[in-house]
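Some notes on the structure that comes next.
The values are calculated or read from the model by the stated rules, or taken from the named source; none is laboratory data. This is a predicted model, so every value here is computed, not measured. For neighbour counting, all protein chains shown are included, and Cβ atoms are generated from backbone atoms with ideal geometry for every residue, glycine included. Side chains are part of the model used for accessible areas, which takes the heavy atoms of the whole protein and leaves out ligands, DNA and RNA. Shrake-Rupley method; radii C 1.70, N 1.55, O 1.52, S 1.80 Å.
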Amino acid sequence: MILISGKEVAESLKKEIATEVAIWVGEGKRAPHLVAILVGNDGASQTYVGHKEKMSAEVGFRSTVLRFDADITEEFLLGEIDKLNRDPEVDGFIVQLPLPEHISESRVTEAIDPRKDVDGFHPVNTGRMMMGMPSYLPATPDGILELLKYYKIETAGKKCVVIGRSNIVGRPMANLLSQKGWDCTVTLCHSRTKNLKEEVAQGDIIVAALGKAEFVTADMVKEGAVVIDVGITRVASDKTKSGWKLLGDVKFDEVAPRCSYITPVPGGVGPMTIISLMKNTLKAAKKEIYG
Ligand code: NAP
């Protein structure tokens, strides 16, 4: 069994991005500029945005965080998005989700100029991705593809089972792996899937993205499978200083011995997600997707 180290791959890609940025800036061009909008004071969102700020600095980007109170109106937020859409000094921006309930995530997502949508959530980017056209890919599926590439894991003709059909992870993952170049035969499972165990057990590659701690057990995994664990669930623990620990969607200890490759949690998919956002921001600065 080979443990896939997202940390190692992320570190290597981070160096490549930093080198590219240094060359770009060395040619007298403006450093890529990423803006994050944070609404309210959700703890996890603040942590994620903090990581994005830190990584931006590490690769040589300029980064700005716009913080707004949870009680701002949707109209106000749409106005801020419009300003960013028009600002020539901003290459890409993200609106950290989740948003307060009174603000429509889909209206906000659609208001972002697809050329600056470095999260890749706008329907134009989603549509282009589905058609195999150049687009900003959503960060988590793109990060998983980078892991498969780095470890030279064969995907062509393999049966891949994705568990979870969210717009940001499961569904784009299933779509991308079924495209030419990756060439998997994909089954997309969700909460209404019948005989889920049997479906998952068919997978040469299993991507678990359902958000249920330790859901995938050894009896669901074929010998020699590649297992990618996307889930992150915080559970109480008396063994850590913080009083909590992170669990994936896979029961790692019993599943790992059956696998050819497996990602750990933490240190697997997680570190890749931010790297993909950096990749998209650099593409936005270089106008690689839309010219
Ligand atoms: P989500 O929007 O809650 O979607 C979960 C999906 O799992 C849904 O499609 C749901 O089915 C399905 N599901 C739930 N229970 C199931 C069950 N018992 N059997 C089969 N399918 C089931 O979650 P998400 O945003 O995709 O995130 C999934 C997990 O990945 C979460 O733990 C999240 O924290 C983590 N995550 C990690 C990263 C990272 O960087 N590592 C990034 C993003 C997300 P229905 O559609 O039928 O309801």
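Measuring nothing but protein heavy atoms, the accessible surface of segment 121-198 at 1.4 Å probe radius is 54 percent carbon and sulfur.
For the chain, taking a cut-off of 4.7 Å between Cβ atoms, the unpaired cysteines are C189, C259. Say we join alpha carbon atoms closer than 10 Å with springs in a Gaussian network model of the chain; which of F215, F93, F61 then has the biggest fluctuation? Result for the chain, Cα springs under 10 Å: F215 fluctuates most. Of M131, M1, the residue with the largest accessible area leads and the full order is M131, M1 (1.4 Å probe). At full extension, A218 and Q46 could sit 58.4 nm farther apart than now, given 0.36 nm per residue minus the alpha carbon distance. Using a Gaussian network model of the chain in which every pair of alpha carbons under 10 angstrom is joined by a spring, one finds that among A36, A236, A18 the greatest mean-square fluctuation is at A236.
This model, with +1 at the C-beta of Lys and Arg and -1 at the C-beta of Asp and Glu, gives the chain a dipole about its Cα centre of some 560 debye. The string of couplings for segment 253-260 from the Karplus curve (6.51, -1.76, 1.60, θ = phi - 60°) is 4, 8, 7, 3, x, 8, 8, 7 Hz, one whole number per residue in order, with x for Gly and Pro. Say we join alpha carbon atoms closer than 10 Å with springs in a Gaussian network model of the chain; which of N195, N167, N125 then has the biggest fluctuation? Top of the fluctuation ranking is N195.
Backbone amide hydrogens, once placed in the peptide plane, bring V250 within less than 5 Å of E214, F215, V216, excluding anything fewer than 5 places away on its chain. By the rule of a C-alpha distance below 18 Å, with chain neighbours fewer than 8 residues away ignored, the aspartates and glutamates paired with K251 are E198, E199, D204, E214, D219, E223, D229. Taking amide H as placed 1.01 Å from N in the peptide plane, the amide H of I206 sits under 5 Å from that of V161, V226, V227, I228, each at least 5 places away or on another chain.
Find the accessible area per residue for the chain; the probe is 1.4 Å, ligands and nucleic acids are left out, and the unit is Å². Numbers along the way, then the final one.
Numbers: 14250 Å² over 291 residues.
Result: 49 Å² of accessible area for each residue.
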